[in-house]
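In what follows, a structure is listed as structure tokens, so that the remarks can point back to it.
The values are calculated or read from the model by the stated rules, or taken from the named source; none is laboratory data. Keep in mind that what you see is a predicted model, and the values were worked out from it rather than measured. Cβ coordinates were reconstructed from backbone atoms using ideal geometry, including for glycine residues, and neighbour counts include every protein chain displayed.
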Amino acid sequence: MPASQPLRRMLREPPKFSRAIQKILKTARVARLATSDAGSRPHIVPVCFAFDGKLIYTAVDQKPKRVPRERLARLQNIRAVPRVAFLLDQYDEDWTKLWYILIFGKAKLVPDSAREERAWAMRKLQAKYPQYARGMLPTDAPIIRITPERIISWGEI
């Protein structure tokens with residue numbers, strides 16, 4: 001059964017971010033990136049990220065890793081299954097202050113040939129994180145672009 005015209009249009013349009021969610025996405029320091037492999041096994045890691053108003057960028061920086069970066073599960077998983085979840089949340093002992101933002105989307109490794117986009121993402125990440133500006137983010141770092149498709153939020157945002 002074909003989808004109705006408004007439904008088809010809704011499915012293709014990027015989600016609308018409220019001002020409150022945009023503010024959190026621009027100022028939050030860490031989020032969790034969830035991926036899954038071809039066998040549907042989940043993997044989640046905390047990440048630094050930058051939001052440009054539409055897209056989310058995160059990169060593999062020079063913090064110590066257990067495996068070489070080309071073997072990192074998040075990169076292998078994104079190549080195999082580009083669907084991801086991206087979670088920001090706040091916990092407080094006062095449960096009236098709890099909130100979360102869960103973004104579902106598609107992730108893609110930004111290729112080296114996309115020089116302008118890579119430079120844009122690097123500038124955004126370096127502007128947000130002084131550690132990146134001081135060299136913790138090499139110019140050849142793998143950069144992940146997340147295109148949000150759906151947003152769920154809960155709590156006082």
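Residue-wise test of (1) charged (D, E, K, R); (2) within 23 Å of residue 41 (Cα to Cα); (3) at pLDDT 95 or above.
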site	(1), (2), (3)
75	no, yes, yes
90	no, no, yes
116	yes, no, yes
144	no, yes, yes
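Within segment 95-117, is there a residue that is of a type in the set (Gly, Ala, Ser) and within 15 Å of residue 25 (Cβ to Cβ)?
yes
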Practice prompt. Restrict the check to segment 115-129 and report whether at least one residue is out of contact with any Leu (no Cβ under 7 Å at 6 or more places or on another chain), on the phi < 0 side of the Ramachandran plot, surrounded by fewer than 11 Cβ atoms within 10 Å (Cβ to Cβ) and part of a helix (DSSP H, G or I).
Written response: yes
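Return the only residue of 150, 145, 118 being basic (Lys, Arg), under 22 Å from residue 35 (Cα atoms) and touching a Lys or Arg at 6+ places or on another chain (Cβ under 9 Å).
Working: 150 fails: touching a Lys or Arg at 6+ places or on another chain (Cβ under 9 Å); 118 fails: touching a Lys or Arg at 6+ places or on another chain (Cβ under 9 Å).
Sole residue among the options that is basic (Lys, Arg), under 22 Å from residue 35 (Cα atoms) and touching a Lys or Arg at 6+ places or on another chain (Cβ under 9 Å): 145.
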Fill in: Given (1) closer than 24 Å to residue 154 by Cα; (2) surrounded by fewer than 17 Cβ atoms within 10 Å (Cβ to Cβ), index of the condition residue 33 fails
(2)
Practice prompt. Six or more apart or on different chains, Cβ under 7 Å: which pairs go from a residue in segment 122-134 that's within 13 Å of residue 51 (Cβ to Cβ) to one that's of a type in the set (A, V, I, L, M, F, W, C) and part of a helix (DSSP H, G or I)? Could you list them?
Written response: none
Discussion item. Which of the helices (runs of 4 or more DSSP H) found entirely inside segment 5-85 contain at least 1 residues meeting this: touching a residue at least 12 places away in the same chain (Cβ under 8 Å)?
Written reply: 19-27, 73-80
Practice prompt. Being farther than 17 Å from residue 32 by Cβ and within 12 Å of the chain's Cα centre (by Cα) is the filter; apply it to segment 53-81 and report the residue that is surrounded by the most Cβ atoms within 10 Å (Cβ to Cβ).
Written response: 55
Worksheet item: Among the numbered criteria (1) more than 27 Å from residue 140 (Cβ to Cβ); (2) crowded, with 16+ Cβ neighbours inside 10 Å, which single criterion is violated by residue 98?
Response: (2)
Worksheet entry | So residue 69, is it modelled with pLDDT under 95 and out of contact with any Phe, Trp or Tyr (no Cβ under 6 Å at 6 or more places or on another chain) | yes
